[in-house]
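S.K.: Could you have a look at this structure, given as structure tokens, before my questions?
Laboratory data are not the source of any read-out in this text; all were calculated from the coordinates shown. Owing to the predicted nature of the structure, the values given are computational and were not obtained by experimental measurement. Positions of Cβ are generated from backbone atoms using ideal geometry, with glycine treated the same way; all protein chains shown enter the neighbour counts.
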Amino acid sequence: MLIELNKAVKRYNSGEMEVRALDGISLQIEQNCFVAVLGPSGCGKSTLLNILAGYEKLDEGEYRFAGQKVEDDHLLRNRVAMIFQDHQLLEYLSVRENLLLPSLYRRQRVEPARLKQVSRQLGIEGLWKRMPSQLSGGEKQRCGIARALLYDCRLILADEPTGSLDRANGQALMAIFAQLHSEGCSIIMVTHDRQLAERCQRIIRMEDGHVIAQ
Amino acid sequence: MLLLSEFWQRRRQFSLSILSNYLALFLLLAVSTLSRALMQTLEGRLEQMSLQVSCLQYLDQQVDERTLSAGLAERYHISRYSEFRICHRDEYDLVYCRDLSVLFPLDFQLGGFFTDHQVANNENAAVLGHEIWQDLGCPLPGEEINIDGAWFSVSGVLTNDTENIYFSADELIFLPLDYCRDYQESRLFFISDVPYLSDWLDEVLGEDNYLLIRQKMLKTSFSRLLRQGQAILMTLSLFALIISLLGMVNHMLSSLPTRCREIGIKKAIGARDSDIFFQFILEAQLVMLISSLGAAASNEVLMKTVSLLGLFEPGTDRSVYRIFLMVIPAGCALCFYPAVKAAKISISQAIRH
């Protein structure tokens with residue numbers, strides 16, 4: 001099992017009100033799966049993703065990744081990559097520098113051949129020297145994916161990756177995800193789009209911090 | 001390299017911090033090196049003016065100078081001295097003295113000072129200040145001139161603007177002491193290392209009946225004054241530097257909200273808290289390093305310019321650059337707080353921002 005969440009609770013305090021973004025969720029996700037997390041806004045999808053990525057800690061419950069209990073983000077740092085809705089590239093760095101930046105923090109060297117291969121796969125080979133401001137939305141999103149793929153992560157988390165893309169680019173992105181999945185990568189994607197979700201192996205439906213259907 | 005590249009891409013954000021630190025450091029260096037050079041130059045000039053010479057000016061004309069001179073010579077082992085009597089005329093001053101060149105390093109345009117040997121042989125000799133020499137029609141050494149009805153042979157002519165801390169010689173005519181008939185003012189110049197003469201002089205001359213001016217005393221006073229000036233300027237420069245460093249810290253703190261997203265992205269792609277912390281420290285170090293190098297280079301240019309213009313010789317003392325050993329770590333230490341605050345920003349908070 002790649003991911004096991006056991007009675008996971010995550011609370012936020014909004015003034016005097018307490019919001020339970022995750023309200024005792026239990027979840028198992030196996031290796032090499034392609035999962036869509038579906039649900040209305042504010043149901044806890046992004047919080048679930050943040051917990052799975054190690055960006056936030058659970059208030060209650062347990063999170064196990066590949067059989068190991070996750071206490072802090074050390075376990076996940078080199079194994080999980082996140083693709084954001086709005087690409088999250090650093091505007092003052094070129095595409096190539098954005099792609100290579102994680103290598104500095106992960107203490108991993110990226111072989112030039114690997115950089116070329118991933119860039120070719122995502123069609124961004126000719127964009128290396130450009131700044132993010134010179135790219136279209138689809139190109140930025142592909143750069144964000146390339147940054148996630150370069151480092152052999154076991155799990156890719158995508159937070160509404162097609163949210164800022166037009167239909168054609170959204171379809172192209174799904175094709176890339178399908179290819180990555182066929183190559184052995186696990187993907188968990190948060191989306192509002194039912195049609196896109198139906199292209200995944202498994203759909204998790206959430207509402208008010210609960211999983212209502214799998 | 002990536003961090004340097006980041007720094008370079010965001011150089012505009014750091015430019016004001018670099019500029020203010022550079023100006024403050026340059027001010028500090030320039031004040032330090034210029035005032036030190038000024039002090040060395042002043043001390044050198046005083047040395048050139050023969051530091052050991054003291055001047056005793058009598059306020060009471062009834063002093064028995066020969067007894068006094070003999071007493072001084074015996075008590076303080078004074079071997080070189082000259083009495084010096086001044087008689088003021090309308091167009092010039094007559095100075096009766098012995099060979100002053102044994103006391104002062106005087107520059108001659110022509111000839112030299114009359115010697116005690118010439119005086120002993122009753123050779124009427126005179127040394128002329130430059131302006132008087134011109135007024136008298138520029139007589140050459142050996143030529144005779146009439147002064148107060150007596151004829152004197154020109155022994156030497158001093159260069160223009162000859163002066164030391166005791167007198168300016170351009171309008172003086174120096175004559176042998178034995179020709180002195182009347183005088184309005186008298187002094188005694190002598191060379192002595194003895195630090196304090198006043199007790200004995202009070203006893204012999206009477207309190208408040210004389211002025212004693214020692215060159216060493218003057219040098220010490222000047223040096224103390226310059227050191228005080230230097231200390232004040234250095235303090236002001238240090239304040240400027242501290243304000244500049246605080247400005248850098250303030251800039252780093254105020255830039256945190258705008259850099260929140262950047263920090264979040266970096267943490268999301270694998271940066272640890274320590275990576276963010278060291279990035280901020282590295283940025284502070286680079287700001288301080290660039291400012292310091294700029295200030296050092298500008299200081300060298302300033303020194304070269306001062307030297308070329310001949311204002312004074314700045315010397316080759318580089319010990320002032322030790323200040324960087326304090327300033328660069330201090331700048332980094334001050335940036336510790338913003339760096340810690342940046343490192344503590346959580347990913348989810350930062351990305352939502």
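S.K.: Averaged over peptide A:94-106, how many Cβ atoms belonging to another chain are found within 10 Å of each residue's Cβ?
M.R.: Mean inter-chain Cβ contacts per residue within 10 Å come to 4.
S.K.: Students often get this wrong, so check it: of A:Lys10/B:Lys341; A:Lys45/A:Lys116; A:Lys7/A:Lys57; B:Lys216/B:Lys304; A:Lys116/A:Lys140; A:Lys57/B:Lys344, which have C-alpha atoms separated by over 22 Å?
M.R.: Values: A:Lys10/B:Lys341 25 Å; A:Lys45/A:Lys116 33 Å; A:Lys7/A:Lys57 13 Å; B:Lys216/B:Lys304 31 Å; A:Lys116/A:Lys140 17 Å; A:Lys57/B:Lys344 15 Å.
As for pairs spanning more than 22 Å Cα to Cα, those are A:Lys10/B:Lys341; A:Lys45/A:Lys116; B:Lys216/B:Lys304.
S.K.: Report the semi-axes of the equivalent ellipsoid for segment A:44-194 in whole Å, largest first, where each axis is √(5λ) for an eigenvalue λ of the Cα gyration tensor. Each step should come with its number before you reach the end.
M.R.: Details: eigenvalues 125, 69, 41 Å².
Output for segment A:44-194: semi-axes of 25, 19, 14 Å.
S.K.: Work out the P(r) tail for segment B:53-192: percent of alpha carbon pairs separated by more than 21 Å, whole number.
M.R.: Numbers: 3823 of 9730 pairs.
Beyond 21 Å sits 39 percent of the P(r) for segment B:53-192.
S.K.: Which far-off residues, 5 or more places away or on another chain, put their amide H under 5 Å from the one on B:Asn124, with H placed in the peptide plane?
M.R.: So B:Asn124 has HN proximity to B:Ser153.
S.K.: Once amide H atoms are placed 1.01 Å from N in the peptide plane, what residues at a sequence separation of 5 or more from B:Asp99, or on another chain, have their amide H within under 5 Å of its amide H?
M.R.: B:Asp116
S.K.: Counting only other residues whose beta carbon sits under 13 Å from that of B:Leu175, what net charge do I get with K and R as +1, D and E as -1?
M.R.: So the surrounding residues net to -3.
S.K.: Over all directions, the average projected area of the alpha-carbon convex hull for segment A:1-83 comes to how many nm²?
M.R.: The Cα convex hull of segment A:1-83, projected and averaged over all directions, gives 5.8 nm².
S.K.: Using the alpha carbons of chain B, what is the convex hull volume per residue in cubic angstrom, as a whole number?
M.R.: So the per-residue Cα hull volume is 191 Å³.
S.K.: Can you sort A:Trp128, B:Trp8, B:Trp133 from fewest to most other Cβ atoms within 10 Å of each residue's own Cβ?
M.R.: By the 10 Å Cβ count, ascending, the order reads B:Trp8, A:Trp128, B:Trp133.
S.K.: At what distance in angstrom do the alpha carbon centres of segment B:61-88 and segment A:1-46 lie from each other?
M.R.: 106 Å
S.K.: Which whole-Hz ³J(HN,Hα) couplings does segment A:33-40 yield from phi under the Karplus relation 6.51 cos²θ - 1.76 cosθ + 1.60, θ = phi - 60°, glycine and proline marked x?
M.R.: The phi angles translate into 10, 10, 10, 10, 10, 10, x, x Hz.
S.K.: Kindly point out which whole DSSP H helices in chain B project their C-alpha atoms 30 angstrom or further along the helix axis while averaging a Kyte-Doolittle hydropathy of 0.0 or above. Display every interim value, and only then the final one.
M.R.: On the way: long enough: B:11-48 (53 Å, 0.46); B:215-254 (57 Å, 0.81); B:273-309 (54 Å, 1.04).
Span-like helices here: B:11-48, B:215-254, B:273-309.
S.K.: What share of the DSSP beta bridges in the protein assembly as shown is antiparallel, in percent to the nearest 5?
M.R.: Counting only bridges with both partners in the protein assembly as shown, antiparallel ones make up about 65 percent.
S.K.: Restricting attention to the alpha-carbon atoms of segment B:8-99, what are Rg (one decimal) and Dmax (integer), both in Å?
M.R.: Computed over the Cα atoms of segment B:8-99, radius of gyration and Dmax are 27.4, 85 Å.
S.K.: Could you tell me what percent of the DSSP beta bridges with both partners in segment B:1-159 are antiparallel, to the nearest 5?
M.R.: If I count the DSSP bridges inside segment B:1-159, around 75 percent turn out antiparallel.
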